[in-house]
Amino acid sequence: MLNTITAPTTPLFDTPPMFAHPARVTAIKDEAYATATYEIEFEDDDLKQHYAFRAGQFNMVYLPNIGEVPISLSSDPAKTGVMGHTIRYAGNVTRAISRLRVGDTVGIRGPYGTAWPLERIHGNDVCIVTGGIGLAPLRPVIYHIINNRSDYGRVYLLYGARTPIDMLYTEQFEDWEAHGIEIHQTVDRADESWKGHVGVVPMMFYHLRLNPKKTTVLTCGPEIMIHFVIFEALARRIPKEQIYVSMERNMKCGIGLCGHCQFGPTFVCKEGPVFAYAAIEPFFGVEDF
Ligand SMILES: Cc1cc2nc3c(=O)[nH]c(=O)nc-3n(C[C@H](O)[C@H](O)[C@H](O)COP(=O)(O)OP(=O)(O)OC[C@H]3O[C@@H](n4cnc5c(N)ncnc54)[C@H](O)[C@@H]3O)c2cc1C
Ligand code: FES
């Protein structure tokens, strides 16, 4: 076991491993350009009641005759009965998802993968750093922190997007700020409406005065962004043991059988997607740099 994060890596219901359970789309909310959040409920009442996930985990979402894709849970882990998936339309399967309407059925199996170490970092300051759709697997972290606010110190969200219309969940920012989440936004390209920062998200570290001894960094986004986030965090003397990353790889089975998601000596679907940076440092980014 390479990763040091422990989390349920097997689904919470007991059926053949590749069985996708019928689930109904109950709401669709446009979030940003070519991106929407789908609320999905299992048709089986027992499953609906007992399904639970932890922040950072993902489901495999299946469309008959089209295919299956891994998608993070983006909803509140404390809310049972409904699963939220924020999906950016990227290719074959996700474009087919964009044609779904309320009442349509999909197949769901999961939850899979490791979770953000939210219990382990009680008492710490938390610095969430992400770009674009990368905020989706971190939104459950924000819900969890808000639900358990006294367990955490200062909480920063450094969020970047290509343009203002690519930003997710902006209508929730006011509420998050009211719960003490300090939000620093930036875009690569501004428009006339934009009053905030312009530039890449790792540069937002320059606007903070972090206490390295008690700050945990949680990051998810394009791999090149993660590299620079780690660089900036280490430059501020945040120990590598206090940095956690969520990695994406193409997946097929989602349960450690096919090898599609290999990352160094590990499979992202089983030992990830959330990794302690200290565990993956030796092979992180070998392909990119
Ligand atoms: C653990 C995990 C969680 C994810 N969570 C989300 C989420 O919450 N919301 C969301 O919109 N997407 C998420 N993704 C990415 C999503 O799974 C892919 O966008 C999707 O599989 C693309 O399938 P497609 O058939 O629509 O596109 P395809 O036709 O398969 O591909 C379209 C393009 O996207 C690229 N691509 C495909 N899969 C990935 C991937 N995993 N990472 C990077 N590039 C990829 C392909 O190389 C191609 O260039 C997640 C992926 C992983 C592994
Ligand atoms: S997706 Fe098959 S091993 Fe990870």
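Tabulated results
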read-out	value
Leading residue by the ranking (nearest to ligand 1 (Cβ to nearest atom)) among those in the stretch 244-255 that are touching a helix residue (DSSP H, G or I) at 6+ places or on another chain (Cβ under 6 Å) and without any contact (Cβ under 8 Å) to a residue 40 or more places away in the chain	Arg249
Any hit, the stretch 170-180, residues being in contact with a helix residue (DSSP H, G or I) (Cβ under 8 Å, 6 or more places away or on another chain), surrounded by 20 or more Cβ atoms within 10 Å (Cβ to Cβ) and modelled with pLDDT of 95 or more	no
Cβ pairs under 9 Å, 6+ apart, first in the stretch 91-103 and under 19 Å from Asn59 (Cβ atoms), second of a type in the set (S, T, N, Q)	Val102/Thr26
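Okay, residues lined up against (1) loosely packed, with under 14 Cβ neighbours inside 10 Å; (2) away from ligand 2 (no atom under 16 Å from the Cβ); (3) farther than 23 Å from Cys127 by Cβ:
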site	(1), (2), (3)
Leu210	no, yes, no
Phe231	yes, yes, no
Leu234	no, yes, no
Ile255	no, no, yes
Lys270	no, no, yes
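The values are calculated or read from the model by the stated rules, or taken from the named source; none is laboratory data. No experiment lies behind these values; they were computed from the predicted model shown. Glycine gets a Cβ as well: all are built from the backbone with ideal geometry, and neighbour counts include every protein chain shown.
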